[in-house]
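A.B. asks: What follows is a structure written as structure tokens; I'll ask about it next.
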Amino acid sequence: MSQIFEALHFHPMTFFLMTINVLIVLFVLYKLFYKPVGRMLEERQRHINEQLEQAAQANLHARLNEVRYSEELSNARYQAKNLVNKANDVGEDMKRQIIDEAKVKANVIIAKAEGEIAAERQRAEREVQNAVTKLAIEAAKKVLQKEINPAEHQELIQNLLKEAGKL
């Protein structure tokens, strides 16, 4: 074994001192750098965790706002639809009311016109009746003034009808 050590240029004392030297350097590095770097890494991890938690809360808040806004939008659409339906109903009611009022006015005008037509017809009938009565009286006067034979009687009727047609 000693030949192997010599072939490798291995000196146990150098190896021992190097091991101690490495252990001392590791101890110094651990004391000087590992704890501060560990604290820095822990602080960084804590900061990352806080940011992740804040992001999760912000995400939850955003989703709650989205749900609330969606509900409000749905409610607004429902209210708008109800307003449109109410306006349509009011419009239909007004339309029916206007049509009913127009029908009543038209019926009043028709009734008034029919009354005027009936009155005019009665007046015309009275005038015709008066005219016929006058003609009959005139014809009777003429008949009483002279004797009439059948030919004169026929001629008198023809004249009477002509005069009645002129009225």
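The values are calculated or read from the model by the stated rules, or taken from the named source; none is laboratory data. These numbers were taken from a predicted model, which means no experiment stands behind them. Note that each Cβ is placed from the backbone with ideal geometry, even for glycine, and that neighbours are counted across all protein chains shown.
A.B. asks: Given the criteria polar (S, T, N, Q), surrounded by 10 or more Cβ atoms within 10 Å (Cβ to Cβ) and under 30 Å from Glu163 (Cα atoms), does Gln97 qualify? Before the answer, list the steps.
C.D. replies: Numbers: polar (S, T, N, Q): yes; surrounded by 10 or more Cβ atoms within 10 Å (Cβ to Cβ): yes; under 30 Å from Glu163 (Cα atoms): no.
No, not satisfied.
A.B. asks: Hey, another quick one. Pull out all pairs, ordered by first then second residue, where Cβ-Cβ is under 7 Å, the residues are six or more apart or on different chains, the first lies in the range 109-136 and is assigned to a helix (DSSP H, G or I), and the second is surrounded by 11 or more Cβ atoms within 10 Å (Cβ to Cβ) and of a type in the set (Asp, Glu).
C.D. replies: Going by the 7 Å Cβ cut-off, the qualifying pairs are Leu135/Glu163.
A.B. asks: Listed residues Ala102, Ala62, Ala76, Ala111; which is small (Gly, Ala, Ser), more than 34 Å from the chain's Cα centre (by Cα) and surrounded by 10 or more Cβ atoms within 10 Å (Cβ to Cβ)? Working first, answer last.
C.D. replies: On the way: Ala102 fails: more than 34 Å from the chain's Cα centre (by Cα); Ala62 fails: more than 34 Å from the chain's Cα centre (by Cα); Ala76 fails: more than 34 Å from the chain's Cα centre (by Cα).
Checking each option against the conditions leaves just Ala111.
A.B. asks: Restricted to the range 137-154, and to residues that are assigned to a helix (DSSP H, G or I) and surrounded by 12 or more Cβ atoms within 10 Å (Cβ to Cβ), which residue is modelled with the lowest pLDDT?
C.D. replies: Once the filter is applied, the top-ranked residue is Val143.
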